Amino acid sequence: MADTIIDLVKSKLPDAVQAVIEFRGETTLVVRPVDIVAVCVLLRDDPAAHFNFLSDVSAADHYPDEPRFAVNYQLYSMEYNRRLRLKVRLGGDAPAVSSVTRVWPGANWHEREVWDLMGIRFTGHPDLRRIFMPEDYLGHPLRRDAPLVYEEPQFTHNFAEIEKRKPYARE
Amino acid sequence: MPENEYQLMELTVDDLKEMKGLVSQRALDGDTVLLNMGPQHPSTHGVLRLLLELDGELVISCIPDVGYLHTGIEKSIEDKTYTKAIPLTDRMDYLSPMSNNLGYVMAVEKLMEVDVPLRAQYVRVILCELQRISSHLVWLGTHAIDLAAMSVFLYCFREREKILDIFEMVAGQRMMVSYFRIGGLWRDLPAGFEDAVRAFLGHFPSEVDEYEGLLKNNPLWINRTQGVGVVTAEDAIAWGMTGPSLRGSGVNWDIRKAQPYSAYDHFEFDVPISEAGDVYARFWCRVQEMRQSVRIVEQALAKLPKGPFITGNRKVAPPPKEELAYSMESLIHHFKLWTEGFTPPPGEVYVSVESPRGEFGCYVNSDGSPKPRRVHFRAPSFANLSALPLMTKGVFIADLVAIIGSIDIVLGDVDR
C-alpha cells in the first residue's frame with residue numbers, strides 16, 4: 001500500500017525523495033527541503049494518494065548530529081484511511097523550509113509552534129509570530145542545547161544583572 | 001515607588017503600527033475598535049486572550065493569543081524516562097487525562113512492541129469512555145452557562161462528580177489519574193468497581209434526556225446556536241479540525257472507527273454526525289456521543305475478560321512487589337526499571353487516539369537511550385482553536401461566546 005505512494009512521488013518528482021524509512025509499520029518519506037510544497041500538493045491532489053488532512057507538524061532536534069533538525073508532517077487520507085509521515089532534514093545554521101500553509105491552512109499554528117519552540121523558519125508563512133513564548137523571549141526552548149534549568153526570577157532591580165549570565169540558546 | 005510608574009499609558013493610533021498585517025487598515029485609522037477579550041474572562045474557558053476588531057457589535061477579525069498556560073511539558077519529558085513522563089500527560093488536557101495517558105502509553109508500547117493484555121485494553125476503553133462523558137459534561141455545563149442556562153451547569157457537574165468518584169476508586173485520584181502504564185494498568189480494578197459503574201450507567205441515560213430536554217427544543221437555545229459559527233466540511237478538514245467539531249460539519253471521521261485501537265473494534269456503537277456545521281450541530285453531536293459512550297461501557301463491562309492487567313514483559317512492566325522478596329531476577333528488573341528505565345530502539349512513531357476533543361496524537365522519537373529525544377503531542381484543542389478566526393468572521397460579539405464554547409477547548413491542551 002505504501003509502495004504505490006512512494007512510486008507515485010518518485011515518478012512525478014524524481015529527485016524529491018531522499019530516503020524511505022519503514023519502522024513499526026509506519027512509512028516515512030524523507031523529502032528534499034526545496035521540494036516539500038511540491039510533494040505536499042502532489043500527495044493532497046493526486047487521486048491515488050489524496051492525503052487531504054494534515055494532522056500535525058512537529059520538529060525534532062538531533063543535536064549534535066548534522067543535519068541537525070527534522071521537521072515531520074503527519075499526513076492522513078480520509079478516503080484511503082492511511083497515514084504517511086513526511087520528513088525534511090535541515091542544517092543547524094539558520095534552518096528554514098517553505099511553509100505548507102497554502103496547501104493546508106491548518107498548518108498555520110503548527111508551524112508557528114515549531115518556529116517558536118525550535119527556531120525553524122517557514123518561508124512564505126502568512127503570520128510567523130511566536131505563539132507560546134513571550135514576544136521578547138530570546139532563543140528557542142525546545143532545542144537540545146537550550147537548558148532545562150531553574151530560572152532565576154528577574155525583578156526590576158536585578159533584571160540586567162541576571163540577564164547577563166542567563167544561559168539562553170542564542171539564535 | 002516612583003509616582004510615574006503607575007500612570008496609565010495613553011495609547012495613540014501611532015502605537016498600533018506594529019499591529020499592521022494583523023488587523024485591517026480601518027483599525028489603524030481608528031475607524032474600528034480593538035478590544036481585548038481575556039485572558040481573564042469566564043467565557044474563554046481558561047486563559048485565552050482574543051484580540052477583537054469590532055465594528056459596532058460585529059467582529060471584523062479575531063486574533064487568538066495563546067501560551068498563558070505553556071508549561072514546557074514536551075521539554076520536561078525529554079529529561080525523564082518513558083515511564084516517568086506519564087503523569088505529565090495528565091496535565092495537558094486536564095479534562096481528559098485518561099485519553100492523554102492512553103495516547104502516550106500506546107505510542108511507547110508501539111515503540112517497544114509490547115502486547116497489552118485484553119483485560120487492560122477493555123478497562124482502558126471503559127475508563128476512556130467514562131472520561132469522554134465527564135469531559136462532555138463539563139463542556140455542556142460551561143457552554144450552557146455561557147449562554148445563560150444556569151441550571152444545566154449544576155446538573156452536569158452533579159453527574160460528573162459520580163464519574164470522578166469512580167476514577168478516585170480506580171486510581172486514587174479524581175483528575176490527575178496516571179492510571180494507564182506502559183504495557184497495561186497501574187493495578188487491577190478494585191472490588192466494587194463494576195457495581196459503581198453499573199449504578200452510574202443505570203440512571204445516566206435518563207439524565208442525558210433531561211439535559212437534552214432542557215436545551216434541544218428551547219427557543220432561546222436554538223436562537224443562540226442555530227446558524228451561528230458555521231464551518232463547511234472542506235474548511236473543517238483543511239484547518240485540521242477533529243472530533244465532534246469536525247463531525248458537526250458532516251464529516252464521518254472518528255479514529256475509534258477508522259483505525260480502531262485498544263479493542264474498540266470489539267464493540268458496537270454509532271458515530272453521531274450532523275450536517276449543519278453550526279454551534280447547534282456540535283452541541284447535538286456531543287450529546288449523542290454521551291449516549292454512545294454509555295453503550296460502549298455497557299458492552300465492555302458485560303464482556304470484561306479475566307486475566308492479567310499488565311504485560312508480563314519485565315523489560316517495560318515492573319514485577320509484582322511480592323516477587324522481590326524471593327526472585328533475584330525480579331529485583332534486578334525492578335531496580336533497572338526505576339533507575340535507568342528501558343531503552344527502545346532508535347526510531348519514531350506517531351499514534352493517535354480519539355480524545356473527547358478530537359485527534360490526540362503522540363509523536364515519540366527515540367534515540368536509543370532511556371529518555372526520549374523528542375515527544376510531541378498533537379493537541380486537538382490547538383488545531384480546533386486555530387480555526388476560530390475563520391468561524392468568527394462577521395458574527396456578533398455575543399455569538400463569539402457561543403462559538404468558543406462549541407469547539408470545546410481546554411487551554412492546558414492548547415498550550416501544553
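The values are calculated or read from the model by the stated rules, or taken from the named source; none is laboratory data. Predicted, not measured: the structure shown is a model, and the values here were computed from it. Because the Cβ atoms are built from the backbone with ideal geometry, glycine has one as well, and the counts that use them run over all protein chains shown. The accessibility values were calculated without ligands, DNA or RNA, using every heavy atom of the protein model including side chains. Shrake-Rupley method; radii C 1.70, N 1.55, O 1.52, S 1.80 Å.
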Which residues, counting only those in segment A:111-145, are free of Cβ contacts under 8 Å to residues at least 40 places away in the same chain and among the β-branched types (V, I, T)?
A:T123, A:I131
Would you pick out the residues in segment B:141-188 that are polar (S, T, N, Q) and part of a helix (DSSP H, G or I)?
B:T142, B:S151
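Given the condition in a strand (DSSP E or B) and touching a Cys at 6+ places or on another chain (Cβ under 8 Å), answer yes or no: does some residue in segment B:377-394 qualify?
Residues of segment B:377-394 that are in a strand (DSSP E or B), as a first pass: B:377-378.
Pick out the ones that are also touching a Cys at 6+ places or on another chain (Cβ under 8 Å) and you get B:377-378.
Yes, the conditions are met somewhere in segment B:377-394.
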If I filter segment B:231-254 down to residues being open to solvent by 30 Å² or more (accessible area, probe 1.4 Å), in a loop (DSSP other than H, G, I, E, B) and more than 8 Å from every other protein chain (Cβ to nearest Cβ), which single residue comes out as farthest from B:V395 (Cα to Cα)?
B:N252
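Do we find a residue being within 14 Å of chain A (Cβ to nearest Cβ) and among the aliphatic types (A, V, I, L, M) anywhere in segment B:214-227?
Taking segment B:214-227 first, the residues within 14 Å of chain A (Cβ to nearest Cβ) are none.
No, the conditions are met nowhere in segment B:214-227.
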B:P344 vs (1) away from every other protein chain (no Cβ under 14 Å); (2) open to solvent by less than 30 Å² (accessible area, probe 1.4 Å); (3) in a loop (DSSP other than H, G, I, E, B); (4) touching a residue at least 60 places away in the same chain (Cβ under 8 Å): all pass except (1)
Picked from segment B:255-273 (must be out of contact with any Ser or Thr (no Cβ under 8 Å at 6 or more places or on another chain) and of a type in the set (A, V, I, L, M)), the residue nearest to the other protein chains (Cβ to nearest Cβ) is B:A258
Just checking, does segment B:377-390 include any residue being within 13 Å of chain A (Cβ to nearest Cβ), closer than 28 Å to B:L137 by Cα and open to solvent by 10 Å² or more (accessible area, probe 1.4 Å)?
yes
Mind listing just one residue for me: the one in segment B:202-236 that is among the aromatic types (F, W, Y) and closer than 20 Å to B:A276 by Cβ and, of those, farthest from the chain's Cα centre (by Cα)?
B:W221
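Condition check ((1) open to solvent by less than 20 Å² (accessible area, probe 1.4 Å); (2) more than 29 Å from B:H376 (Cα to Cα); (3) outside any helix (DSSP H, G or I)) across all residues:
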position	(1), (2), (3)
B:N36	no, yes, yes
B:L50	yes, no, yes
B:L54	yes, yes, yes
B:V59	yes, yes, yes
B:Y68	no, no, yes
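Being on the phi < 0 side of the Ramachandran plot and within 11 Å of another protein chain (Cβ to nearest Cβ) is the filter here, so list the residues in segment A:13-26 that pass it. So that I can check it myself, show each step before the final result.
Here is the first cut: in segment A:13-26, the ones on the phi < 0 side of the Ramachandran plot are A:13-23, A:26.
If the condition is that a residue be on the phi < 0 side of the Ramachandran plot and within 11 Å of another protein chain (Cβ to nearest Cβ), then A:I21, A:E22, A:F23, A:E26 are the ones that fit.
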Condition (residue is of a type in the set (S, T, N, Q) and loosely packed, with under 13 Cβ neighbours inside 10 Å) applied to segment B:325-339: is it met by at least one residue?
yes
Those residues of segment B:268-277 which are touching a residue at least 40 places away in the same chain (Cβ under 8 Å) and open to solvent by 10 Å² or more (accessible area, probe 1.4 Å) amount to B:A276
Matching residues in segment A:102-117 - criterion: being crowded, with 21+ Cβ neighbours inside 10 Å and either of a type in the set (A, V, I, L, M) or at the interface with chain B (Cβ under 10 Å from one of its Cβ atoms) (or both)
A:V103, A:W104, A:G106, A:A107, A:N108, A:W109, A:H110, A:R112, A:E113, A:V114, A:D116, A:L117
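Pick from segment B:83-140 the residues that are part of a loop (DSSP other than H, G, I, E, B) and within 21 Å of the chain's Cα centre (by Cα): which of them is nearest to the other protein chains (Cβ to nearest Cβ)? Working first, answer last.
Quick first cut of segment B:83-140, residues part of a loop (DSSP other than H, G, I, E, B) only: B:91-96, B:113-117.
Going one step further and asking which of them are within 21 Å of the chain's Cα centre (by Cα), we end up with B:91-96.
Working: B:R91: 15, B:M92: 13, B:D93: 15, B:Y94: 17, B:L95: 20, B:S96: 18 Å.
So, considering only residues that are part of a loop (DSSP other than H, G, I, E, B) and within 21 Å of the chain's Cα centre (by Cα), the one nearest to the other protein chains (Cβ to nearest Cβ) is B:M92.
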Members of segment B:266-313 that are assigned to a helix (DSSP H, G or I) and among the aromatic types (F, W, Y)
B:Y280, B:F283, B:W284
Checking the structure you have, find out if any residue of segment A:39-55 is open to solvent by 10 Å² or more (accessible area, probe 1.4 Å), more than 8 Å from chain B (Cβ to nearest Cβ) and either among the small types (G, A, S) or in a strand (DSSP E or B) (or both).
yes
Taking only segment A:56-83 into account, find how many residues are over 16 Å from the mean Cα position of the chain (by Cα) and open to solvent by less than 20 Å² (accessible area, probe 1.4 Å).
2
Just give me the residues in segment B:167-206 being more than 14 Å from B:L301 (Cα to Cα), surrounded by fewer than 18 Cβ atoms within 10 Å (Cβ to Cβ) and among the charged types (D, E, K, R), in sequence order.
B:E168, B:R174, B:R187, B:D188
Give segment B:144-165 a look and list any residue that's among the basic types (K, R) and out of contact with any helix residue (DSSP H, G or I) (no Cβ under 6 Å at 6 or more places or on another chain), or say none.
B:R158
